[in-house]
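A quick write-up on the structure given underneath.
The values are calculated or read from the model by the stated rules, or taken from the named source; none is laboratory data. Because the structure is a prediction, the values reported are computed rather than measured. Reconstructed Cβ throughout: ideal geometry from the backbone, glycine too, with neighbour counts over all protein chains shown. Ligands, DNA and RNA are excluded from the accessible area calculation, which covers all protein heavy atoms including side chains. Shrake-Rupley method; radii C 1.70, N 1.55, O 1.52, S 1.80 Å.
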Amino acid sequence: MASVRLSFVIPTLREEAFLERTLKNLQTLEMPHEVIITDGGSTDGTLAIARRYTDLVEVWGLPRRQTFGEAKNAGAKRAQAEFVVFIDADVLIPNPNEFFAKALSLFDADPKLLGLTVPLRPWPENHSVIDRLASAPLNWFYVVINNIFHIGNSSGEFQMVRKDAFDQIGGFSETLAAGEDNELFRAFSKVGKTRSCRQLSVQHSLRRAHKLGWLRTYGIWIRNGLSVMLRGRAAYKEWSVVR
């Protein structure tokens with residue numbers, strides 16, 4: 001595994017409707033990589049799908065619900081690559097070979113760069129004017145906060161990190177119900193650099209916004225983000241599952 005530069009960690013919980021498409025998308029990546037699935041106790045076909053594509057599958061065994069931080073850290077512990085890419089089960093990466101050639105070049109050019117995120121776009125079949133307009137403020141927020149103010153912040157749909165730096169800061173917070181993604185990049189920005197690259201993007205189902213509505217979704221994000229930043233804890237005891 002010494003030649004593998006990319007380890008993908010995908011946390012799952014009842015993702016049978018989305019996971020296979022994501023894994024097929026990663027199969028088009030030609031550079032050596034590994035895919036690690038950390039499942040929170042799915043009772044549908046998620047695990048069967050995962051095991052068709054990778055032998056690296058971790059299954060949560062406790063009766064309580066696993067946090068996002070626990071799931072991602074479990075995957076990162078198995079990662080053998082120089083860089084770990086955390087993505088959601090409903091994320092697609094356009095032109096993966098070009099995408100990661102560019103992403104790796106950014107890290108190679110700047111040893112102080114510890115974490116990279118990119119804008120989120122809707123799946124092509126879900127694209128609408130509302131989605132495009134509603135996604136823009138969040139995408140620009142991450143550009144401004146990371147690249148101009150140098151305060152790390154990122155959503156969890158896509159985060160690419162240096163494995164050694166991730167290990168040094170202790171990985172994700174495992175106590176937060178949500179917001180562990182923001183906290184990781186904030187910790188990185190205290191010892192190095194984080195960046196949102198506008199030249200790249202990933203595609204997401206936007207299922208939460210489509211089910212709950214954009215205004216309600218933004219309200220949930222803002223409330224939780226402020227709670228984590230100001231109080232050090234999530235605004236919710238458990239992050240709602242949207243399927």
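On the basis of being at pLDDT below 95, open to solvent by 30 Å² or more (accessible area, probe 1.4 Å) and in a helix (DSSP H, G or I), does K211 make the cut?
yes
Note down all Cβ pairs under 9 Å where the first residue falls in segment 169-185 and is over 20 Å from V118 (Cα atoms), the second is open to solvent by 20 Å² or more (accessible area, probe 1.4 Å) and among the acidic types (D, E), and they're at least six residues apart or on different chains.
Hits for this filter: S173/E183; E174/E70; L176/E183; A177/E238.
Can G171 be described as under 14 Å from the mean Cα position of the chain (by Cα), over 18 Å from N139 (Cα atoms) and either part of a loop (DSSP other than H, G, I, E, B) or of a type in the set (D, E) (or both)?
Yes, satisfied.
Being among the aliphatic types (A, V, I, L, M) and under 20 Å from the mean Cα position of the chain (by Cα) is the filter here, so list the residues in segment 100-140 that pass it.
Residues satisfying the conditions are A101, A103, L104, L106, L113, L114, L116, V118, L120, A134, A136, L138.
When Y236 is evaluated against the numbered criteria (1) of a type in the set (S, T, Y); (2) touching a residue at least 12 places away in the same chain (Cβ under 8 Å); (3) buried (at least 17 other Cβ atoms within 10 Å of the Cβ), which criterion, by number, is the only one it fails?
Among (1) of a type in the set (S, T, Y); (2) touching a residue at least 12 places away in the same chain (Cβ under 8 Å); (3) buried (at least 17 other Cβ atoms within 10 Å of the Cβ), the lone unmet condition for Y236 is (3).
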